[in-house]
């Protein structure tokens, strides 16, 4: 018999009514989020579906709504995803290993490092844009190129990868490490052959979610100069635009038709992100072990 | 190896005597990875500080923080940041009115009312909301929410703080809900059981026991939500307008700090000019505000972790 059904000291009808009203209020709190999400998706689909065609996927942007597409932006987004994979993964996982396996947490500098990463995770993305503008575009003289955009997104999502990788590494029980040491393995051998393989599902899930976050990011790319008219395929060291930026550009145009093209581009972006999210959740459910 | 050491001395030494240089190199490389995030913070501070100082050489700090006209690109130029702060504050306040009560409500439901299986489906579903790019929320605010208000007879400008703030508020519900829920889940079951034993019902346990016990985590989630709202760019850039002014009327177009930075940072503002430096002065103001709130939030989270975990 559960505590509820006992109704110890129940105050009769009034208390019960209040309880039900409270629960309804709580459900409404959750509902507001889902109703908005539903309205958003329906709105975007109704507006965007008529424009979701080969023109959108394969044409460059254009002043004429009939011909306007988003090919360079979609390509640039895919390129940036590739660059992010090779930059953010090793640095993020490396940092996580250092903090979880090597760092002595009683040292002030290691605690400061921890605090620093937590703070970086909450720094507004536009501030990263300023960093990119000051150091990558102007300071290093890279200019307003795709590589600068990808690097700034790397720094932006690095804290997310670090935090999720740390959690995955921490979840590996100490007994596994002790077992490795008992067999004479060095610290790195234990990490590389025991801890990391066990932590990979968690690391992969967190990294994919971080990547999805980076792909949808707009503000920092505006500051590194992605808000330009690019009608050709992007190159690593050339001017670029990205899918969210292209969406922003189409929203900003005065003609109403471009807002519908923006909706179609949003469908493409959401499709990419949902695929990544679904893949991450599948990975987590399929491979994550409970110790 | 260990056995030999144990025989040799009273203190058994578990590590090999032979130094392994490879291990040291690896540790060094990993520490270098960790330094990237330190360099990022230093980079942000330097990138903001240097041009901002340049800016304050030409515009006094007093003018910046006390005058009420923001028109850096006009003649005569005027550099009072208060209208931007006003705009940021207005949108943030609207967002908070929505995300604080409803985020907390969602958290209480997930932590205290939902069955484990329901919770397991609802939580990731709510997280989908947090995964939608902000440019999409901006689109939604401008092309759905604002027209909805207008057709409902509410006299809002095409760009207005209300739509942007409300949509931002919904976007932040998962932020508040997930952090608050973490804090509530950390409250030991024994405290709840004690309250039930004294005759409390679920409503009383939730509001008088769990919420007060998790209060530092809940406040942390609120502070983080405010910090996010202050730093959010795309929704306000798209839906709230580009008109810096001193007003608390949510139906009007305004400009926030972030929207100003994005709008000015796009153009080819020549380097070294006062116009160019305004981006950094406003950026520094934004960074300091969000930094202070992030630290408060991190501290509060630590507090409840120390108490219950």
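So the values come out like this:
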item	result
Sole residue being surrounded by fewer than 16 Cβ atoms within 10 Å (Cβ to Cβ), touching a helix residue (DSSP H, G or I) at 6+ places or on another chain (Cβ under 9 Å) and away from chain B (no Cβ under 13 Å), chosen from A:171, A:182	A:171
Test: residue A:161 is buried (at least 24 other Cβ atoms within 10 Å of the Cβ), more than 7 Å from every other protein chain (Cβ to nearest Cβ) and either under 19 Å from residue A:83 (Cβ atoms) or at pLDDT 95 or above (or both)	yes
Conditions (1) surrounded by 14 or more Cβ atoms within 10 Å (Cβ to Cβ); (2) under 30 Å from residue B:147 (Cβ atoms); number of the one not met by residue A:271	(1)
Close pairs (7 angstrom Cβ cut-off, 6 or more residues apart or separate chains): more than 9 Å from every other protein chain (Cβ to nearest Cβ) in region A:189-216, buried (at least 20 other Cβ atoms within 10 Å of the Cβ) and outside any helix (DSSP H, G or I) anywhere	A:195/A:172; A:198/A:172; A:199/A:172
Criterion: touching a helix residue (DSSP H, G or I) at 6+ places or on another chain (Cβ under 8 Å), surrounded by 15 or more Cβ atoms within 10 Å (Cβ to Cβ) and touching a residue at least 12 places away in the same chain (Cβ under 8 Å) - qualifying residue of B:31, B:95	B:95
Residue within region B:76-92 that is closer than 30 Å to residue B:206 by Cβ, within 14 Å of chain A (Cβ to nearest Cβ) and touching a residue at least 12 places away in the same chain (Cβ under 8 Å) present	yes
Filter result for the condition that a residue is surrounded by fewer than 20 Cβ atoms within 10 Å (Cβ to Cβ), more than 30 Å from residue B:187 (Cβ to Cβ), in contact with a strand residue (DSSP E or B) (Cβ under 7 Å, 6 or more places away or on another chain) and modelled with pLDDT under 95, over B:58, B:63	B:63
Residue within region A:254-263 that is closer than 20 Å to residue A:160 by Cβ, surrounded by fewer than 19 Cβ atoms within 10 Å (Cβ to Cβ), within 11 Å of another protein chain (Cβ to nearest Cβ) and free of Cβ contacts under 8 Å to residues at least 24 places away in the same chain present	no
Wholly enclosed helices (runs of 4 or more DSSP H) of region B:139-245 bearing at least 1 residues out of contact with any helix residue (DSSP H, G or I) (no Cβ under 6 Å at 6 or more places or on another chain) and surrounded by fewer than 24 Cβ atoms within 10 Å (Cβ to Cβ)	B:146-151, B:161-185, B:189-197, B:215-231
Residues that are more than 25 Å from the chain's Cα centre (by Cα) and either more than 26 Å from residue B:205 (Cα to Cα) or within 7 Å of chain A (Cβ to nearest Cβ) (or both), drawn from region B:111-142	B:113
Elements of type helices (runs of 4 or more DSSP H) contained in region A:55-154, each with 1 or more residues being under 25 Å from residue A:199 (Cα atoms)	A:71-97, A:108-120
Answer residue from region A:79-112, given it is surrounded by 20 or more Cβ atoms within 10 Å (Cβ to Cβ) and at the interface with chain B (Cβ under 7 Å from one of its Cβ atoms) and is nearest to residue A:177 (Cα to Cα) among those	A:97
Residues being free of Cβ contacts under 8 Å to residues at least 24 places away in the same chain, at the interface with another protein chain (Cβ under 9 Å from one of its Cβ atoms) and farther than 23 Å from residue B:281 by Cβ - total across region A:113-158	3
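The values are calculated or read from the model by the stated rules, or taken from the named source; none is laboratory data. No experiment lies behind these values; they were computed from the predicted model shown. All Cβ positions, even for glycine, are placed from backbone atoms using ideal geometry, and neighbour counts span all protein chains on display.
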